Amino acid sequence: MLKDLILMFVVSLILFICVLVGIAFLTLLERKVLGYIQIRKGPNKVGFLGLIQPFSDAIKLFTKEQTYPLMSNFNLYYFSPVVNLFLALFLWICVPFITVNLSFNLSLLFFLCISSLSVYTIMLAGWSSNSNYSLLGSLRSVAQTISYEVSLALILLSFLFMILSLSMIDFIKFQEYIWFLFIMFPLCLMWLVSSLAETNRTPFDFAEGESELVSGFNVEYSSGGFAMIFLAEYGNILFMSLLCCFLFLGSNLLSYIFFLKVGLVVFFWLWVRGTLPRFRYDKLMYLAWKSYLPVSLNYLMFYFSLKLSIIIYFI
């Protein structure tokens, strides 16, 4: 038992390190993609084609001076980014490894629980800074995340009715012959847009709207605190891309094509950032409550009745 626990701990540690390295190169990919979208080169000086750029950025960020606002609530201000990064990495535990790591039956329930918790860290990060800009940023972020989590959970429920399980591994079994992308095309598009809103990305990046809020909830952070918030955001992007592939792109983990699909979905995230302008805040809320919520509820009833009729037919 003890050896099993040690092995799980070591494997989880290796997973976290690999995720952090993946995030580092994701930032490089983003800067390259945005560079070519804007007809320029992007980072190409540090190392061959700028390959060492993410590591030099990390060293620069973590060695800069750490500032603390005089009126901030110090403990919360200090620990919010740490907990934020911890939750973003902890999410990766629910990825089903066919080998040794934690593979549990309720992995999607675990995902919903942990992703809901990350709202609190952003809220406390903005509030504890005791700055008007960061408070506004955190309030926007909380309102946005909560609004989209409702429709996100309902869309996810439609997928879960199709497989009648809460385990990610079952998505691999059910998509052996046809991807859910073809069966549930509108829901897949809605899931993608909701994921963009969930990860605070363009065109829904109101929590850090530079044009009106300086830098939103992380405006008072510098050095390691800012780097941790940054890492958490990109870790969530990587995870949501992986989840998109699991849900509707035929998720065979044993195939290298699966990882190519994850790369393409990540590229979509970056492409959207380079293409679309920021949405208006009230329109974002209307989109969540007046469009996505009723549509996802209707689809939920439709797929529930479809699954029920299939089960009755086979009985």
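The values are calculated or read from the model by the stated rules, or taken from the named source; none is laboratory data. Source: prediction; values computed, not measured. Positions of Cβ are generated from backbone atoms using ideal geometry, with glycine treated the same way; all protein chains shown enter the neighbour counts.
State whether one or more residues within the stretch 121-138 are in contact (Cβ under 8 Å) with a residue 24 or more places away in the chain, in a helix (DSSP H, G or I) and closer than 30 Å to LEU5 by Cα. Taking every residue of the stretch 121-138 in turn, at least one turns out to be in contact (Cβ under 8 Å) with a residue 24 or more places away in the chain, in a helix (DSSP H, G or I) and closer than 30 Å to LEU5 by Cα. Among the residues of the stretch 159-208, the one identified as crowded, with 21+ Cβ neighbours inside 10 Å and touching a Pro at 6+ places or on another chain (Cβ under 7 Å) is MET168.
Just wondering, is there one or more residues in the stretch 159-181 that are hydroxyl-bearing (Ser, Thr, Tyr) and without any contact (Cβ under 8 Å) to a residue 12 or more places away in the chain?
So in the stretch 159-181, the residues hydroxyl-bearing (Ser, Thr, Tyr) come out as 165, 167, 177.
Within this subset, residues satisfying the condition of being without any contact (Cβ under 8 Å) to a residue 12 or more places away in the chain are 177.
Within the stretch 159-181 (the criterion being hydroxyl-bearing (Ser, Thr, Tyr) and without any contact (Cβ under 8 Å) to a residue 12 or more places away in the chain), the answer is yes, since at least one residue qualifies.
Remark: TYR281 matches the filter, which requires a residue to be under 17 Å from TYR148 (Cβ atoms), surrounded by 14 or more Cβ atoms within 10 Å (Cβ to Cβ) and either at pLDDT below 85 or among the polar types (S, T, N, Q) (or both).
Scoring GLY22 on the criteria (1) among the small types (Gly, Ala, Ser); (2) in contact (Cβ under 8 Å) with a residue 60 or more places away in the chain; (3) part of a loop (DSSP other than H, G, I, E, B) leaves a single failure, condition (3). If you go through the stretch 299-315 and keep only what is surrounded by 11 or more Cβ atoms within 10 Å (Cβ to Cβ) and of a type in the set (S, T, N, Q), you end up with just SER305.
Tell me, yes or no, whether the stretch 246-257 has at least one residue that is farther than 30 Å from PHE16 by Cα and either crowded, with 19+ Cβ neighbours inside 10 Å or β-branched (Val, Ile, Thr) (or both). Give the steps one after another, and end with the answer.
Initial filter on the stretch 246-257 (farther than 30 Å from PHE16 by Cα): none.
Looking through the stretch 246-257, none of the residues is farther than 30 Å from PHE16 by Cα and either crowded, with 19+ Cβ neighbours inside 10 Å or β-branched (Val, Ile, Thr) (or both).
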